[in-house]
Amino acid sequence: SQEFSNYQALAYYQAGEPTLNFETGENAILMQYAHAANPNLKWEENAELNIGIDFGLFEDKISGSIDYFQKTTYDLLGQYSVPMPPYPAPSIWANVGEFKVNGLEIFLQAYPMRTKNFDWKTAVVFSTYKQEVVTLSNDEFDMAELHEGWLSGRGLVGDLNWTQIVRPGLSLGTWYMPEYAGLSADGKFLFYTAAGGVTRDIEKAERRDVGSAQPKFELGWSNYFTFYKNFDASFTVRGVFGNKIFNTTNLIFGNPIWLPDVNVLQSALDEKARGLNDSPRLSSYYLEDGSFVRLDNVSIGYNIKNLKVVKNIRVYFTSNNLLTITDYSGIDPEISATGLSFGLDQYNVYPKTRTFTLGVNVTL
């Protein structure tokens, strides 16, 4: 709701496409309604449920928590098609949909070693969750599904270039597209049909549920060390598992059909070697395993204590995004979400930054 304009409830005019007056030879700009008014628009409402258990063992040398959470959003804002008349415009904003997220998080912390000169604390977090749309319709406004994850780029034409479906009962991020069935003898893409056969005509291909951009689970592992009282170190490892990424960059720039006129990826030469001779075609061929393990942070520090002028000086070195282990062929497997769509690696996405920091903290 925060991104929703204050004017969306109003029926205001906007400039339409210019039209040519054949009698005068002049262009005219027609004003038209942007959408119909809805004075009943309101904020979306949330209901949350959290059930948790905290525990500690062996004088809290081992501790943790187990939490189940559920968040339901009611009166979800959406734009709906309406008839003209009685409405002055073909669409209207309304509070209709219902969205639900539920998941489980398990946290475990332990002190494997605590001595006079060495202290080690470690923590593990496991989480799994599911996001889905409960409904998009009510008695007044109806919407069976939404198409998300739209693609654009060289060679992609028409109105079929969407990759994800938002439908009640399905998880958000469900990849819904033609399923790749191989290459023909002359190098054309083949896709499965509803009848169980194959076709090279993408408009005759059956769209199928071919995976999800939502991970099955996530893991985090953090470690903190202090030794000889003055030295400290820490590192954090994070993993995401079971999700699929659509590699749009490879779809557009990994196709050898553009050679030699367009600068392409190295993978285009591999595709040429295996016989690909077709324009870019949206299909499950460009879906990849998006699982990864990342060394998120490493930090090393030294404390100089009990000085005459200041209480403490800490000299430290920190690095973020130091190492990533993944089978994904793109630049970065960690793809940010846009609206209801996520897991779509567009060719204009900037990868996560790797940083190195050397610093000094002074405590007066």
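Summary of values
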read-out	value
Pair list, Cβ under 7 Å, 6 or more apart: region 125-144 residue under 9 Å from residue 96 (Cα atoms), other residue assigned to a strand (DSSP E or B) and of a type in the set (Phe, Trp, Tyr)	141/80
Test: residue in region 156-165 that is in contact with a helix residue (DSSP H, G or I) (Cβ under 8 Å, 6 or more places away or on another chain) and either closer than 30 Å to residue 273 by Cβ or without any contact (Cβ under 8 Å) to a residue 60 or more places away in the chain (or both)	yes
Odd one out for residue 303 among (1) more than 31 Å from the chain's Cα centre (by Cα); (2) within 30 Å of residue 215 (Cα to Cα)	(2)
Hits in region 131-156 - residues which are part of a strand (DSSP E or B), surrounded by fewer than 16 Cβ atoms within 10 Å (Cβ to Cβ) and not hydrophobic (A, V, I, L, M, F, W, C)	135
Residue within region 95-111 that is farther than 30 Å from residue 147 by Cβ, touching a Ser or Thr at 6+ places or on another chain (Cβ under 8 Å), at pLDDT 85 or above and exposed (fewer than 13 other Cβ atoms within 10 Å of the Cβ) present	no
Restricting region 233-271 to residues that are hydroxyl-bearing (Ser, Thr, Tyr) and modelled with pLDDT of 95 or more, the residue that is farthest from the chain's Cα centre (by Cα)	234
Residue 302 vs. criteria touching a Phe, Trp or Tyr at 6+ places or on another chain (Cβ under 9 Å) and within 25 Å of residue 179 (Cα to Cα)	no
Residue match in region 8-28 (condition: modelled with pLDDT of 60 or more, assigned to a strand (DSSP E or B), under 32 Å from the mean Cα position of the chain (by Cα) and loosely packed, with under 11 Cβ neighbours inside 10 Å)	no
Residue, farthest from residue 154 (Cα to Cα), within region 312-355, restricted to residues that are outside any strand (DSSP E or B) and acidic (Asp, Glu)	327
In region 272-301, the residues that are farther than 27 Å from residue 173 by Cα and either surrounded by 15 or more Cβ atoms within 10 Å (Cβ to Cβ) or at pLDDT 95 or above (or both)	272, 276, 277, 278, 297, 298, 299, 300, 301
Breaking point among (1) in a strand (DSSP E or B); (2) loosely packed, with under 14 Cβ neighbours inside 10 Å, for residue 73	(2)
Of residues in region 157-176 being closer than 24 Å to residue 264 by Cβ and at pLDDT below 85, the one surrounded by the fewest Cβ atoms within 10 Å (Cβ to Cβ)	158
Scan of region 190-225 for residues that are buried (at least 18 other Cβ atoms within 10 Å of the Cβ), over 30 Å from residue 126 (Cβ atoms) and of a type in the set (Gly, Ala, Ser), ordered by number	205
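The values are calculated or read from the model by the stated rules, or taken from the named source; none is laboratory data. Quick caveat, the model's predicted, so the values are computed rather than measured. Note that we place each Cβ from the backbone using ideal geometry, even for glycine, and neighbour counts take in every protein chain shown.
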